[in-house]
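K.L.:
Take a look at this one; I'll ask things after.
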Amino acid sequence: SKVADMADPAKKRRLKRRIGIVGYGHLGAYLVQEILKRDDVELAFVWNRSVEKVQGQVEEKFILADLDKFNERNPDLIVEVAHPSITEDYGEAFLDVADYMVGSPTALANQKVETKLREKASMCGHALYVPAGAFWGAQDIKKMADRGSLKGLKVTMRKHPTSFKLNSPLKEKNDNIGDDAVVLYDGPVRDLCPLAPNNVNTMAAAAVAAHNLGFDMVRGCLVSDPSLTDFHIVEVEVTGPGDVSRGQAFTVKTVRTNPAQVGAVTGTATYASFLSSMLGARGNDGGVHLC
């Protein structure tokens, strides 16, 4: 196809996939260590907003000081694990050069950003990948969305109050919690993403998978629960064909209990899941894919 021809044929022949990591927090550092251990991938670059954080941790030859020069490192895949603003500012430019995996998919809750990246991915010969992360059943839900049989989707996240990083007005609501669990938010995922950009990547992935419903019709619910000192809990409720009012609709509900320390934004199991997603983000000549 013409689209496939636009991608660099030399890259297609390269056996080792070159991966650039944007962001060197806990997750970025973990991914860099894992890439350096493996034979099937290699590190193209690592960038962090404050370069001092990377210096001394990673060999100098891998450190990219200026993100505008990412192209010089010939990446096959660029992975964002920094901040949603990276996708807004660089997403299209990344896709011109390489496949792009959006580690902070709340960026796509901005309709303009989602539209321009979907359009770019459909015509540039590189694919946009969204990691399913803690979102269980992503591929099944996407299949239902493809067929139009997905009628409703709700994702509920329950965490300890210190595990939320929130913006106003949810922050104040969370700061004033006593001993009992409180529902901080229950409504469209699109409106929740700017209020809790670090905590609702799972919900953003859900809205991408459930593309026939999207960010406006997928519901997100955040529950702050002081009793959850060892776990994050993610519940996914799917509604399919049938009569909901008579209790005769197709439904699936999963409850995922993810071990996590108090105050941790990311559960332990999510690191390994993210690595699997990164290694699986390949094999498509364009379009938007969950991985």
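Read-outs throughout are calculated quantities, based only on the coordinates presented, and are distinct from any laboratory measurement. Predicted model only: the values in this text are computed from it and were never measured. All Cβ positions, glycine included, derive from the backbone under ideal geometry; neighbour counts span all protein chains shown.
K.L.:
Quick one: what do you get for the range 180-270 if you divide its Cα Rg by 2.2 N^0.38 Å? Before the final figure, lay out the partial values.
P.N.:
Working: Rg = 14.4 Å, N = 91, 2.2 N^0.38 = 12.2 Å.
Rounded to two decimals, the normalised Rg is 1.18.
K.L.:
Which residues' amide hydrogens lie under 5 Å from the amide hydrogen of H160, considering only partners 5 or more residues apart or on another chain, with H built in the peptide plane?
P.N.:
Here the answer is D225, since their amide H atoms fall under 5 Å of that of H160.
K.L.:
Among the listed pairs K116/K253; K53/K173; K116/K154; K69/K120; K159/K253; K112/K253, which have their C-alpha atoms separated by more than 29 angstrom in this model?
P.N.:
From the list (K116/K253; K53/K173; K116/K154; K69/K120; K159/K253; K112/K253), the Cα-Cα distance tops 29 Å for K116/K253; K53/K173; K112/K253.
K.L.:
Okay, next question. Of the listed peptides 144-152, 79-87, 169-177, what is their order by residue-averaged count of other C-beta atoms within 10 Å, with the highest listed first?
P.N.:
Per-residue mean Cβ counts within 10 Å order the peptides as 79-87, 144-152, 169-177.
K.L.:
Moving on. Computed over the Cα atoms of the range 12-153, what is the ratio Rg over Rh, Rh following Kirkwood?
P.N.:
0.99
K.L.:
Using Cα centres only, tell me the gap between the range 161-226 and the range 35-51 in whole Å.
P.N.:
Between the Cα centre of the range 161-226 and that of the range 35-51, the gap is 31 Å.
K.L.:
I need the phi-derived Karplus couplings for the range 152-162: 6.51 cos²θ - 1.76 cosθ + 1.60, θ = phi - 60°, integer Hz, Gly and Pro marked x.
P.N.:
For the range 152-162, the Karplus curve yields x, 8, 10, 10, 10, 10, 10, 9, 5, x, 6 Hz.
K.L.:
Another question, then. If I take every Cα pair under 8 Å that is 6 or more residues apart in the chain, average their sequence separation and divide by the length, what percent do I get for the relative contact order?
P.N.:
20 percent
K.L.:
Something else now. Relative to the present Cα-Cα distance, how much length would full extension add between V183 and D40 at 0.36 nm per residue of separation?
P.N.:
47.0 nm
K.L.:
Moving on to the next point. With θ set to phi - 60° and the Karplus curve 6.51 cos²θ - 1.76 cosθ + 1.60, what are the ³J(HN,Hα) couplings of the range 275-286 in order, to the nearest whole Hz, using x for Gly and Pro?
P.N.:
These are the phi-based 3J(HN,Hα) values: 4, 4, 4, 4, 5, x, 7, 6, x, 10, 8, x Hz.
K.L.:
Okay, next question. Just to be sure I understand: of the beta bridges DSSP finds with both ends in the chain, what percent are antiparallel, rounded to 5?
P.N.:
Given both bridge residues lie in the chain, the antiparallel proportion sits at roughly 45 percent.
K.L.:
Answer with one residue from L279, V255, L213: the one whose Cα lies farthest towards the positive end of the charge dipole of the range 205-291, charges on Cβ with Lys, Arg +1 and Asp, Glu -1.
P.N.:
Ranked along the dipole, the leading option is L279.
K.L.:
Based on the Kirkwood radius over alpha-carbon pairs, what is the Stokes-Einstein translational diffusion coefficient of the chain at 25 °C with 0.890 mPa s viscosity, in µm²/s?
P.N.:
Estimated diffusion coefficient is 124 µm²/s.
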